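Visitor: First the structure, then my questions, so here it is.
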Amino acid sequence: MSEEVRFFTQGSRWVRADFHLHTRSDKKFKDACTEQDFVPRYITALKHADVRVGVITNHNKFDRDEFRSLRKAAIKEDIYLLPGVELSIKDGRNGIHTLVIFHENWVDNCDNKDYINSFLGVTFAGQTGYDNNCSRSNHDLLETIRELDKFERDYLLIFAHVEESSGLWEALDGGRITDLGKNELFRSRTAAFQKVRTRDLREKVKNWLDAWYPSEVEGSDPNVLDEVGRGEPSFIKIGAFTFEAVQFALKPEAERLSDKAIQRQAHSWVRSIRFEGGILDGKRVDFSDEMNCLIGIRGSGKSAVLECLRFALDLQLPESIEELDLKYKQELVRFAAERSWSRWKTHKGSVTKSAVS
């Protein structure tokens, strides 16, 4: 069983996400230890902070080799890393620091091309030494989105530390932000604002943007290893380690984003049921502690699983059930689990029961 499948055996989970991470490849990041052991030390720092989803967003720079090494080590610890860049966009009073989160196919593709650095080569064309937080790209915000779209690969934007001098809210005036809020190109690619702190300013921006407002997320923005995972947390609910899962979780209407850790249900719940023998021999069904839905064509075994589960838990049928239905359910258990046994587990322990013989 793969690491990802194991982690999501019981369905979607709430995990901590850090959308603003820097590494040794960033000029602002200070690390006195050797380069050889940086990857394991970095993954350990993420584990200690309980970060399960992270985005590597170095200033105007993407190191594909470093990212792949980090990602390979991270997935072994059930940590999912996405490629990104903290892009200094030539716009507004002080430039706008924007976190560009890329789909994996910008890095992993049949052409074996690094399309992230291809994009950086375009937006910083003619510049040297631009991989720092002071440089600014050749394009304004909307031009940047158009240049990214030319690569025909998915990505999303998170505006970093929006209230600071290089943040979107401080760099642009209200009229410009209002205009951006009306622009479908801007709205379709903007997933979140990062590091929102002032309630009054938030309400002012919501006014400027009218009926549209993206999610709010957090990121530690570390300059040393000890700062990885610092500050306010963000939690997202996902069922897979994929770009699409993270993208969906950030949609405000999805209700899969929180600033507080959400624990699993405290009540007892069935974790799984496994069959040995019968028509369901070798089958295992894992359950979530929330809602479960069995989907399949007629005769695929949906009712068989439910009736065997009812039998195993010794749940009585209602007295009002019709004789025909009673016979059907009893025979269904016998047919599906004859000379078999089912094992199920709850979060309080495990029980074994012999099925009908």
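The values are calculated or read from the model by the stated rules, or taken from the named source; none is laboratory data. Here the structure is a predicted model, which means the values were calculated and not measured. Backbone-built Cβ (ideal geometry, glycine too); neighbour counts: all protein chains shown.
Visitor: How many of the residues in region 14-63 are of a type in the set (D, E, K, R) and within 25 Å of Val196 (Cβ to Cβ)?
Guide: So the count comes out to 6.
Visitor: Just to be sure before I move on: is Cys134 modelled with pLDDT of 95 or more and surrounded by fewer than 16 Cβ atoms within 10 Å (Cβ to Cβ) in the structure I sent?
Guide: Against the criterion (modelled with pLDDT of 95 or more and surrounded by fewer than 16 Cβ atoms within 10 Å (Cβ to Cβ)), Cys134 does not qualify.
Visitor: Tell me, please, whether a residue that is assigned by TED's automatic domain parsing to the domain that holds Phe38, over 25 Å from Phe119 (Cβ atoms), touching a Phe, Trp or Tyr at 6+ places or on another chain (Cβ under 7 Å) and free of Cβ contacts under 8 Å to residues at least 24 places away in the same chain can be found in region 151-168.
Guide: No, region 151-168 contains no residue that is assigned by TED's automatic domain parsing to the domain that holds Phe38, over 25 Å from Phe119 (Cβ atoms), touching a Phe, Trp or Tyr at 6+ places or on another chain (Cβ under 7 Å) and free of Cβ contacts under 8 Å to residues at least 24 places away in the same chain.
Visitor: Based on what the data block shows, is Asn105 farther than 18 Å from Lys61 by Cα and in contact (Cβ under 8 Å) with a residue 24 or more places away in the chain?
Guide: It is false that Asn105 is farther than 18 Å from Lys61 by Cα and in contact (Cβ under 8 Å) with a residue 24 or more places away in the chain.
Visitor: Which of the residues belonging to region 99-130 are surrounded by fewer than 19 Cβ atoms within 10 Å (Cβ to Cβ), under 24 Å from the mean Cα position of the chain (by Cα) and among the aliphatic types (A, V, I, L, M)?
Guide: Scanning region 99-130 gives no hits.
Visitor: With respect to the numbered conditions (1) more than 24 Å from Asn207 (Cβ to Cβ); (2) over 28 Å from the mean Cα position of the chain (by Cα); (3) modelled with pLDDT of 95 or more, which one is the sole condition not fulfilled by Asp154?
Guide: Against the list (1) more than 24 Å from Asn207 (Cβ to Cβ); (2) over 28 Å from the mean Cα position of the chain (by Cα); (3) modelled with pLDDT of 95 or more, Asp154 comes up short only on (2).
Visitor: Going by what's in this entry, would Glu276 be described as surrounded by fewer than 16 Cβ atoms within 10 Å (Cβ to Cβ), assigned by TED's automatic domain parsing to the domain that holds Ser215 and over 16 Å from Ser12 (Cα atoms)? Talk me through it step by step, then tell me what you get.
Guide: Values: surrounded by fewer than 16 Cβ atoms within 10 Å (Cβ to Cβ): yes; assigned by TED's automatic domain parsing to the domain that holds Ser215: no; over 16 Å from Ser12 (Cα atoms): yes.
No, not satisfied.
Visitor: Can you find, within region 189-222, the residue that is farthest from Glu255 (Cα to Cα) among those that are touching a residue at least 60 places away in the same chain (Cβ under 8 Å) and part of a strand (DSSP E or B)?
Guide: Applying the filter and picking the extreme gives Gln194.
Visitor: Here is a further query. Is it fair to say Ala254 is of a type outside the set (Asp, Glu), closer than 30 Å to Ala211 by Cβ and in contact with a Lys or Arg (Cβ under 6 Å, 6 or more places away or on another chain)?
Guide: Against the criterion (of a type outside the set (Asp, Glu), closer than 30 Å to Ala211 by Cβ and in contact with a Lys or Arg (Cβ under 6 Å, 6 or more places away or on another chain)), Ala254 does not qualify.
Visitor: Name the residues in region 195-238 that are over 22 Å from the mean Cα position of the chain (by Cα), under 17 Å from Leu157 (Cα atoms) and surrounded by 14 or more Cβ atoms within 10 Å (Cβ to Cβ), would you?
Guide: Leu209
Visitor: Further question on the same structure: Kindly indicate the residue of region 47-59 that is under 30 Å from Arg136 (Cβ atoms) and either touching a helix residue (DSSP H, G or I) at 6+ places or on another chain (Cβ under 7 Å) or of a type in the set (Gly, Ala, Ser) (or both) and also surrounded by the most Cβ atoms within 10 Å (Cβ to Cβ) among those meeting that condition.
Guide: Among those that are under 30 Å from Arg136 (Cβ atoms) and either touching a helix residue (DSSP H, G or I) at 6+ places or on another chain (Cβ under 7 Å) or of a type in the set (Gly, Ala, Ser) (or both), it is Gly54.
Visitor: In addition: Please state which one of Leu142, Leu120, Leu87, Leu82 is assigned to a helix (DSSP H, G or I) and either modelled with pLDDT under 95 or closer than 17 Å to Thr57 by Cα (or both).
Guide: Sole residue among the options that is assigned to a helix (DSSP H, G or I) and either modelled with pLDDT under 95 or closer than 17 Å to Thr57 by Cα (or both): Leu120.
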